[in-house]
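Chemist: One structure follows; several queries about it will come next.
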Amino acid sequence: MAKSKYEYVKEFETDDRLLRNVYILVRVDGKGFHKFSAAHQFTKPNDVRALNLMNHAARSVMHELDDILLAFGESDEYSFLFRKSTDLYQRREAKIVSTVVSLFTSAYVYYWGDYFTDSKRPLYPPVFDGRAVLYPSEVEVKDYFAWRQADTHINNLFNTSFWALVEKGGLTPKAAEIRLSGTDSKDKNEMLFTEFNTNYSKLPAIFRKGSVLLREGVPKDSDKDAVIPTLPETLPGSTFANVVVATEADSVSDKVSPAPESETSTT
Ligand code: ATP
Ligand code: ATP
Ligand code: MG
Ligand code: MG
Ligand code: MG
Ligand code: MG
C-alpha cells in the first residue's frame, strides 16, 4: 500500500523497547481500592472472594502470556515475572504493560459474578494501573518477591489487629489506630492472642502470605533463563512445599496456593 501523506505522524512515536536479557517485572495495583472495597462491602480485613477473583484474573493473564513464569498477589496488587529472554511485542514497554493491565482488568470484571454471587457486576468499573521494572539478576528478583511478601505480612498483621479492635473491641477507627501506634509485631501477636483469642499464625495462609502462581512445564535445559533456578528461595525461608503448580505444560493451575512463609518479614 502506498504511504499516505499523513503517515509521517507515526515517526513521533518513541522507541520504548526494554533492555534485553534482564527480567521484566510487571505489577498491577487497583486504583482507589480502599474506596472500592468499602463500596462493595469487602469483608475486613480480608475478603476471600476478592482475593480469589484477583487470582483468577492473574491466571487469565498467565494463560494468555506464555512468557510469564511466576506471579505473586496480595490485596489489590499482582506482580508478574517474565522470562529474561521474552520477545513479547519486541519488549515494547507500553505494549507489554498495557496488555497485562487491560487483560487483568477485563478478567476481573468478567469473572466478578463468579465470586460476588449476589451481583452481576461491580457498581462501577474498577481501574488498575501498571508498571514495568527491570531486574538484572535473580538476586533482585528474589528480593523483590521477599519485599512484596514482607508487605503482605506487615499489612495483614496491622489490619487484623486494627479490625479486631474495631469490630470485636468496640474501638473507633481513630482509637484503634492510636492503640496500635508504636507497637511491633510481637505486641500485635500478643494482643490478638490475649485479648481476642486469635492465634495469628493459624489464620489462613492466603491472608498472611499472599498467593503464588507458578508455571509448570517450562523447559528445563533448552532455555536456561526460562527455568527459575532460585525459585525455592524466591521467598526466603520457604520450602515452597505448599505452592500448587500447574499440571499442564502451558497452563497454570486452577488452584492457587498461599505463598510460603517469609522469614524476613518484620514489623
Ligand atoms: P491507590 O490508588 O494509591 O493504590 P488504594 O486505595 O488502592 O490506593 P492500596 O494501598 O492499593 O490503596 O490498598 C488497597 C486497599 O484495598 C487495602 O488497603 C484494603 O483496604 C483494600 N482491599 C484490597 N483487597 C482487599 C481484600 N481482599 N479484602 C479487604 N480489603 C481489600
Ligand atoms: P494487533 O493485535 O496487532 O492489533 P489485530 O488483529 O487487532 O492485531 P488491527 O490492525 O488492530 O489487528 O485491526 C483490528 C481488526 O479488528 C480489523 O482489521 C478488523 O478485522 C477487526 N475489527 C475491529 N473493529 C471492527 C468492527 N467494528 N467491525 C468489524 N471488524 C472490526
Ligand atoms: Mg498504588
Ligand atoms: Mg491500590
Ligand atoms: Mg495496593
Ligand atoms: Mg488490534
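Computed from the coordinates by the stated procedures, all read-outs in this text should not be read as laboratory data. Just so we're clear, the structure is a prediction, and the values are computed from it rather than from any experiment. Cβ: placed from backbone, ideal geometry, glycine included. Neighbour counts: every protein chain shown.
Chemist: Give me the base-10 log of I(q)/I(0) for region 33-112 at each q in 0.16, 0.18 Å⁻¹, Debye formula, one uniform scatterer per Cα, rounded to two decimals.
Modeler: The calculated log intensity ratios at q = 0.16, 0.18 Å⁻¹ are -0.62, -0.75.
Chemist: Further question: Distance cut-off 27 Å, Cα to Cα: go down the list Lys10/Lys95; Lys44/Lys142; Lys186/Lys209; Lys35/Lys142; Lys10/Lys31 and report the pairs above it. Can you show the working numbers first?
Modeler: Working: Lys10/Lys95 16 Å; Lys44/Lys142 30 Å; Lys186/Lys209 17 Å; Lys35/Lys142 32 Å; Lys10/Lys31 31 Å.
Table pairs above 27 Å Cα-Cα are Lys44/Lys142; Lys35/Lys142; Lys10/Lys31.
Chemist: I need the fraction of alpha carbon pairs in region 88-221 separated by more than 26 Å, rounded to a whole percent. Walk me through the numbers before you get to the answer.
Modeler: Details: 4382 of 8911 pairs.
Every Cα pair in region 88-221 considered, those over 26 Å come to 49 percent.
Chemist: Something else about it: Which of rounded, prolate, oblate describes region 1-148, given a ≥ b ≥ c as roots of the alpha-carbon gyration tensor eigenvalues and a/c under 1.5 marking rounded, otherwise prolate only if a/b is larger than b/c? Write down the numbers at each step before the final one.
Modeler: Details: a/c = 2.45, a/b = 1.43, b/c = 1.71.
Oblate is the answer for region 1-148, as a/c is 1.5 or above yet b/c matches or exceeds a/b.
Chemist: Work out how much length Asn52 to Glu195 would gain on full extension: take 0.36 nm times their residue separation and subtract the Cα-Cα distance, in nm to one decimal.
Modeler: Numbers: separation 143, 0.36 × 143 = 51.48 nm, distance 3.00 nm.
Difference between extended and current length: 48.5 nm.
Chemist: Same structure, new question: Where in region 131-146 does the amide nitrogen come within less than 18 Å of the point 7 Å from the Cα of Asp29, taken along Cα to Cβ?
Modeler: It comes to 131-135, 143-146, nothing else.
Chemist: Take Glu177 and Glu140, extend 7 Å from each Cα along the Cα→Cβ direction, and tell me the distance between the two endpoints in nm.
Modeler: Calculated label separation equals 3.5 nm.
Chemist: Across region 1-70, how large is the tail of the calculated P(r) beyond 21 Å, expressed as a percent of all Cα pairs?
Modeler: Numbers: 1378 of 2415 pairs.
Considering region 1-70, 57 percent of its Cα-Cα pairs are separated by more than 21 Å.
Chemist: Quick one: which of 153-164, 106-117 comes out on top by average Cβ neighbours within 10 Å, and what's the full order, highest first? Intermediate results must be reported in sequence, preceding the final value.
Modeler: Numbers: 153-164: 19.7, 106-117: 16.1.
Top of the packing list down: 153-164, 106-117.
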